[in-house]
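I have placed the structure first, in the form of structure tokens, so that the comments after it can refer back to it.
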Amino acid sequence: MNIITEVVSKKLCAGCGTCAGVCPSNALTMQVTEGLWLPKVDNRKCNGCGLCMNVCPGHFVNFETLYSNIFGKQPEDQLLGNYMNCYVGHSNDYKTRYDCSSGGIASQLLIFALEENLIDGALVTKMKTDNPLEPESFVARTKQEIISASKSKYCPVPVNMALKQILAEDGRFAVVGLPCHIHGIRKAEVLDPELRKKITLHICLMCSHMVNFLGAEFIIKKIHVLKEQVSQLSYRGKGWPGAMTIELKNKSSFNIPLVGSWNSYWPVFSSFFFTPTRCTMCPDQTGELADISLGDAWLPELRSDKIGESIIITRTKAAESMLSAMVSSKAISLMHVSPEKVKQSQFLNLKFKKDDLSTRLNMIRFFGRQVPDFIPARNSWSFAAFLRALYIYFNIKMSSSKRIRSMLSLLPFPFFRLYFGIYKFLSLA
């Protein structure tokens, strides 16, 4: 059958929610299965139209066609895609900058667009109040709603499920998502010109890989907290690079640094524990199909900054024009940087997403699993990439075992920082 269950059965689903967001018969819902959001089909409603398969980025993305549709040309830079300018910048509102993940540019962009009547709403994501470990995507229409959705979410998020709201209303909208979310939206826009007219700004958050729901549960267990005790959880914020804040129902709280400390939690995730295998098949680190891409400015000269700076790539005139207006109104501060600085700031992630991708896909094929069809398809192989792939898939396999997870939870955070050093060493080759 030409429906999305084929993608799920082949373990190619990215969990982006596009299929559920555009299904004309409301036959699809997203449900958490084995720590991931996956679509479930109501066969009583499904009419077999195949739209879900056609918008799905999980099994197929023709980047060449989408590049032409969006930018009118193919990219000259194979690492960053099409771009107009690169910047480092931050919100000039101190609280926004301090409370967000890195510089507050995404939140400030949306607030500016809303207040200047450039959009009527923005598709964003926050953590649920009644289930603080689970995300909720919605259309924000006020500054406060946008602020409520600030900060990174290191968990699966089916953002595009909320496309239903955009399709049901008139207006102009911005969308914020990871590369896989933007892939799905761009594919849907090809098939639905009305959707393309409604979405006037695509903001992509740079992404190396996602972390499944078992990841947050693992961190919580390591500090001897039951997930039922948690009243609020945020993965970033409180300056840069920030910390995970876990607030409990008894009013006590924990702060675990993201990086930079022997008790940081990110080395658990950067070692690819709790990473969905489908994430290791993605070729897009910087959001190459967006209007504007944002990420952490991991640059040596900015390491002493404790508030936050964003690395920024503008790809369309609309994004460039909006940033210019924001600088003129003193909403943000920007500094031009070279594309090489962007690559430096994302060095490990670009090596993972670009240099090593073909080696990983060939390894997956060797073991009889399906891989997505990407156009263009790049083919390369190296022994160093093979070793890095072994490290990645070994850790994914370990964290998928309940027994091994229990053993890993007994290890102190410094172990994971040292262990991630193995991957960094292998990446020097």
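The values are calculated or read from the model by the stated rules, or taken from the named source; none is laboratory data. Note that this is a predicted model, so its numbers are computed, not measured. Cβ: placed from backbone, ideal geometry, glycine included. Neighbour counts: every protein chain shown.
Quick notes on this one:
- For the range 289-321, the set of residues classified as outside any strand (DSSP E or B) and either under 20 Å from Cys13 (Cα atoms) or touching a Phe, Trp or Tyr at 6+ places or on another chain (Cβ under 7 Å) (or both) consists of Leu289, Asp305, Lys306, Ile307, Gly308, Arg315, listed by residue number.
- Some residue of the range 171-182 being surrounded by 21 or more Cβ atoms within 10 Å (Cβ to Cβ), closer than 22 Å to Pro156 by Cα and without any contact (Cβ under 8 Å) to a residue 60 or more places away in the chain: yes
- With respect to the conditions (1) in contact with a Phe, Trp or Tyr (Cβ under 8 Å, 6 or more places away or on another chain); (2) at pLDDT 95 or above; (3) surrounded by fewer than 18 Cβ atoms within 10 Å (Cβ to Cβ); (4) more than 19 Å from Tyr423 (Cβ to Cβ), Met326 lacks only one, and its number is (3).
- So Thr65, is it among the β-branched types (Val, Ile, Thr), assigned to a helix (DSSP H, G or I) and either crowded, with 18+ Cβ neighbours inside 10 Å or at pLDDT 95 or above (or both): yes
- Within the range 9-28, the residues that satisfy the criterion of being surrounded by 15 or more Cβ atoms within 10 Å (Cβ to Cβ), over 12 Å from Arg278 (Cβ atoms) and not small (Gly, Ala, Ser) are Thr18, Cys19, Val22, Cys23, Leu28.
- Residue within the range 18-28 that is assigned to a helix (DSSP H, G or I), at negative phi and of a type in the set (Gly, Ala, Ser) present: yes
- Matching residues in the range 188-204 - criterion: being crowded, with 24+ Cβ neighbours inside 10 Å and in contact with a strand residue (DSSP E or B) (Cβ under 8 Å, 6 or more places away or on another chain): His202, Ile203, Cys204
- Criterion (touching a Gly at 6+ places or on another chain (Cβ under 8 Å), more than 17 Å from Leu350 (Cβ to Cβ) and not small (Gly, Ala, Ser)) met by exactly one of Met335, Met322, Met326: Met335
- Test: residue in the range 82-98 that is over 22 Å from Leu294 (Cα atoms), of a type in the set (Asp, Glu) and in contact (Cβ under 8 Å) with a residue 12 or more places away in the chain: no
- Sole residue being touching a helix residue (DSSP H, G or I) at 6+ places or on another chain (Cβ under 7 Å) and at pLDDT below 95, chosen from Ile375, Ile292, Ile313: Ile375
- Only listed residue being over 23 Å from the mean Cα position of the chain (by Cα), over 30 Å from Glu115 (Cβ atoms) and not in a helix (DSSP H, G or I), chosen from Leu418, Leu411: Leu411
- Residues within the range 330-349 that are crowded, with 16+ Cβ neighbours inside 10 Å and outside any helix (DSSP H, G or I), tallied: 6
- Qualifying residue in the range 47-54 (condition: free of Cβ contacts under 8 Å to residues at least 40 places away in the same chain and farther than 28 Å from Leu323 by Cβ): yes
- Ala331 being in contact (Cβ under 8 Å) with a residue 40 or more places away in the chain and closer than 15 Å to Ile105 by Cβ: yes
- Condition check for Ser321: without any contact (Cβ under 8 Å) to a residue 40 or more places away in the chain, polar (S, T, N, Q) and in contact with a helix residue (DSSP H, G or I) (Cβ under 8 Å, 6 or more places away or on another chain): no
- One residue from Arg360, Arg403 being loosely packed, with under 13 Cβ neighbours inside 10 Å, assigned to a helix (DSSP H, G or I) and either without any contact (Cβ under 8 Å) to a residue 12 or more places away in the chain or not hydrophobic (A, V, I, L, M, F, W, C) (or both): Arg403
- Residue match in the range 220-237 (condition: touching a strand residue (DSSP E or B) at 6+ places or on another chain (Cβ under 9 Å) and without any contact (Cβ under 8 Å) to a residue 24 or more places away in the chain): yes
- Meets criteria (under 25 Å from Cys23 (Cα atoms), buried (at least 22 other Cβ atoms within 10 Å of the Cβ) and of a type in the set (A, V, I, L, M)) for Ala149: no
- Looking across the range 232-259, the residues that are of a type in the set (Gly, Ala, Ser), part of a strand (DSSP E or B) and surrounded by 14 or more Cβ atoms within 10 Å (Cβ to Cβ) come down to Ser234, Ala243.
- Residue in the range 48-62 that is at pLDDT 95 or above, outside any loop (DSSP other than H, G, I, E, B), over 22 Å from the mean Cα position of the chain (by Cα) and surrounded by 15 or more Cβ atoms within 10 Å (Cβ to Cβ) present: yes
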